[in-house]
Amino acid sequence: MGFRLKPRAARLARMAVVGALIAGLPNLGIAQSTTSQRDTPALRAALQHDLDAYLKDRGPQEHLSSLSLSVSLAKGRPAINLTAGTTRYGSGPPVTPASLYQIGSNTKAFTAVAILQLEAQGRLSIDTGIGKYLPQYPAYAKLTLRQLLSMTGGIDSYDNTPAWDAMYAKNPMANVATGTLIRLVYPKFMSTPGTKYAYSNTGYLLAQEIVAARSRSKNFATEIARIIASVGLKNTFYTLNLYPAPIAQRVVAGYYENDDPGFGRFIGKNVTPYSLSWAQGAGSIVSTPEDLTVWARALYQGTTLLPAKQRAELLSLISTKTAKPLAKATSDDPSGFGLGVAQKYGSDFGAFWFYQGETLGFRAAHVYFPGSGLVLAIFANSRPVEKNSNVAQLFKSLYDTIQSGGKT
């Protein structure tokens, strides 16, 4: 699911990128046969070949210097971690499984979990109007956190606005306050809350402010760091602005290759050193693919991250077509959105969970298949226009390889 995408139609299309390509893969065996497979040298070699081949073929078109992959075949088994390429385009040391990438909107599930943990503590309700928690936004007083987190709040995404384009293009190093971003769209509504699905990063910044207002620490970053530690993630970090030098040095260069208005001067540039204050609780975490697979299991399989009530709320879906409650993605209604998580239906293997995040210079996606327990996460260090990205073919190659157990 794209994080920074300008037209709303494109944002919705990108939500479907990972889901559509997996739904089109042939054969139920991809999801069902992997639990019996072993991490063999042949499988590792074949997956490495897939990464190397994609980077060689697509690197120039996508201005891409590296890929990082983690495949977790089943809970409790070591992940297969592989990389290809270098930390900078055309130079630099080889990327490693410990190299960090921006994960974009995969951050949203962390924000949703922070909200749900506060609900479990009795400090808020996701069905109460947010005016009780954020009186400084009276026009939004009747909006609920459930609506904001499920993308049915009816408010625009601040990064869809010309004002944001101009603000970022003028000074990408600026430390922009959360409230400044929210007020780029406040107090307007695009639709009546609860009636339409429309991807909006603004809702997650409002949720971030509520976490700060209602938590004992009174600090959103502290709450996210606590959640990260509770799951045992060793290479996942959140920032409101810039990362400390020891972390920043581990983040690979991320390259902008898109066509946002006024962003021409960034094309081909490494945007990693720029401030992430524009993303915050909607998308400013850096991580590794292996950590993201661990996080995915905690979300979809775990029982300690959230009590049963709040876990059910996290995974409760609305249809992205109708905005009505959806028990499960089906062939008739194949795309659902929960609270910072998404589900898709594939005709060959049923419903699966996924998320794709993007920032200005990175793409990061994970997929979880409930039937087999397979989790896959892959990161790339560029963000090209959609027509120049062939990530669907890479996913297909990886799935074909996993299905065959590494036999080429």
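The values are calculated or read from the model by the stated rules, or taken from the named source; none is laboratory data. All values reported here derive from a predicted model rather than from experimental measurement. Virtual Cβ from ideal backbone geometry, glycine too; neighbours counted across all protein chains shown.
Among the conditions (1) in contact with a Phe, Trp or Tyr (Cβ under 8 Å, 6 or more places away or on another chain); (2) β-branched (V, I, T); (3) closer than 17 Å to A377 by Cβ, the only one that T293 does not satisfy is (1). Give region 185-213 a look and list any residue that's crowded, with 19+ Cβ neighbours inside 10 Å and either basic (K, R) or under 17 Å from the mean Cα position of the chain (by Cα) (or both), or say none. Across region 185-213, the qualifying residues are A198, Y199, S200, N201, T202, G203, Y204, L205, A207, Q208.
Each residue in region 233-259 was checked for being under 20 Å from the mean Cα position of the chain (by Cα) and of a type in the set (D, E), and 1 of them qualify.
Could we say that G29 is more than 21 Å from the chain's Cα centre (by Cα), surrounded by 14 or more Cβ atoms within 10 Å (Cβ to Cβ), of a type in the set (G, A, S) and modelled with pLDDT of 95 or more here?
no
Which one is farthest from the chain's Cα centre (by Cα) among residues in region 86-97 that are surrounded by 14 or more Cβ atoms within 10 Å (Cβ to Cβ) and in a loop (DSSP other than H, G, I, E, B)? Lay out the reasoning, then the answer.
So in region 86-97, the residues surrounded by 14 or more Cβ atoms within 10 Å (Cβ to Cβ) come out as 86-89, 92, 95-97.
Those left that are additionally in a loop (DSSP other than H, G, I, E, B): 89, 95-97.
Numbers: Y89: 24, V95: 21, T96: 21, P97: 19 Å.
This residue is Y89.
With respect to (1) in contact (Cβ under 8 Å) with a residue 24 or more places away in the chain; (2) touching a helix residue (DSSP H, G or I) at 6+ places or on another chain (Cβ under 7 Å), the lone exception for K218 is condition (1). The sole residue among K324, K269 that is in contact with a strand residue (DSSP E or B) (Cβ under 7 Å, 6 or more places away or on another chain), free of Cβ contacts under 8 Å to residues at least 24 places away in the same chain and within 28 Å of L51 (Cα to Cα) is K269.
Which ones in region 52-85 are farther than 19 Å from N235 by Cβ and buried (at least 16 other Cβ atoms within 10 Å of the Cβ)? Across region 52-85, the qualifying residues are Y54, L55, R58, G59, E62, H63, L64, S65, L73.
In region 38-65, what count of residues is obtained for those that are under 21 Å from D259 (Cβ atoms) and outside any helix (DSSP H, G or I)?
Residues of region 38-65 under 21 Å from D259 (Cβ atoms): 58-65.
Cutting the leftovers down to outside any helix (DSSP H, G or I) gives us 63-65.
Here the count works out to 3.
Yes or no, residue by residue, for (1) at pLDDT 95 or above; (2) crowded, with 20+ Cβ neighbours inside 10 Å:
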{"site": "L374", "(1), (2)": "no, yes"}
{"site": "P384", "(1), (2)": "yes, yes"}
{"site": "N388", "(1), (2)": "no, no"}
{"site": "L394", "(1), (2)": "no, yes"}
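Here region 356-369 is the region considered, the condition is being part of a loop (DSSP other than H, G, I, E, B) and either among the aromatic types (F, W, Y) or at pLDDT below 95 (or both), and the residue that is surrounded by the most Cβ atoms within 10 Å (Cβ to Cβ) is F362. Scanning region 146-178 for residues that are of a type in the set (S, T, Y) and assigned to a loop (DSSP other than H, G, I, E, B) yields a count of 4. In region 48-81, which residues are within 23 Å of the chain's Cα centre (by Cα), more than 18 Å from F362 (Cβ to Cβ) and of a type in the set (A, V, I, L, M)? If the condition is that a residue be within 23 Å of the chain's Cα centre (by Cα), more than 18 Å from F362 (Cβ to Cβ) and of a type in the set (A, V, I, L, M), then V71, L73, A74, A79, I80 are the ones that fit. Number of residues in region 374-408 that are over 16 Å from A53 (Cβ atoms), part of a helix (DSSP H, G or I) and among the basic types (K, R) equals 1. Region 274-355 holds strands (runs of 3 or more DSSP E) entirely within its bounds, and those carrying 3 or more residues that are surrounded by fewer than 24 Cβ atoms within 10 Å (Cβ to Cβ) map to 317-319, 342-346. Can you say whether I155 is within 20 Å of E313 (Cβ to Cβ) and not aromatic (F, W, Y), as far as the supplied structure shows? It is false that I155 is within 20 Å of E313 (Cβ to Cβ) and not aromatic (F, W, Y). So in region 100-145, with the set limited to residues that are touching a strand residue (DSSP E or B) at 6+ places or on another chain (Cβ under 9 Å) and assigned to a loop (DSSP other than H, G, I, E, B), which one is surrounded by the most Cβ atoms within 10 Å (Cβ to Cβ)? In this case the residue turns out to be I103.
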